[in-house]
Amino acid sequence: MREMRIDVFQDADALAQAAAAIIAAQARAAIRARGRFVFAVSGGRTPGRMLRALTREEVPWHGVHVVQVDERIAPLGHADRNLTGLRENLLAHVPLRAEQVHAMPVDSVDLADGAARYGQMLAETAGSPPTFDLVHLGLGPDGHTASLVPGDSALDVTDADVALTGVYQGRRRMTVTYPILNRSRHILWVVTGHDKAEMLVRLLAGDRAIPAGRVNRTEARLLADGAAAGQPDPAPVMDVSP
């Protein structure tokens, strides 16, 4: 199996700046090549710094479409919603029109219908079958990524790009599934914290027993801080070439 490239940084701020530079470079390349950049963003604790750093990068925002990797079933504006952090850290600071931002419809009365409609939107925005230009993924201490969590039925969905999960950490979720993740042109993992160290080793080893280990490695790159990588004082590395 092809080795996943990993770059390790001394702290979360350096990692965030590197991740933002990589995303910006991929955006410029995709828009030059295809006229648009479909950027799928995960939730969680880590992305805030990265998204704030992205607002300071040179990005041709007119060609960017932002979609969600996953979302909690919670009221609009609630702190549990990934969209809340996405708005605060990115959307409020860059010139994206409303039609360029595609929030998961977790406030739908019929959530299954909402998931199906989101899948259709992805096909309209990112081609048929829909293909992300870049998907940002995180890694949970239990080995989950997106909202593909251990033991959930969404792990086995192969006939839809968007699915609903059971309750996880107090909330049901809407999430993209392995088929669309594994079609992505580029995958950028961003992993921080001591609590991720064990699962990071398993991810790098291609351990398919954890949900994250089932994501395609061919076009994947992983950025980690020293705590996650088990390196207390790593030398910073940054190559942002697309």
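Just so it is clear, none of the values below were taken in a lab; they were calculated from the coordinates. Since this is a predicted model, take the numbers as computed values, not measurements. Cβ sites come from the backbone with ideal geometry, for glycine too, and all protein chains shown count toward neighbours.
Could we say that ASN82 is surrounded by fewer than 21 Cβ atoms within 10 Å (Cβ to Cβ) and farther than 17 Å from ARG28 by Cβ here? The answer is no for ASN82.
The residue that is surrounded by the most Cβ atoms within 10 Å (Cβ to Cβ), among those in the stretch 1-51 that are aromatic (Phe, Trp, Tyr) and in contact with a His (Cβ under 9 Å, 6 or more places away or on another chain), is PHE37. When GLY127 is tested against (1) among the small types (Gly, Ala, Ser); (2) under 23 Å from VAL66 (Cβ atoms); (3) surrounded by 17 or more Cβ atoms within 10 Å (Cβ to Cβ); (4) without any contact (Cβ under 8 Å) to a residue 60 or more places away in the chain, just one condition goes unmet, and that condition is (3).
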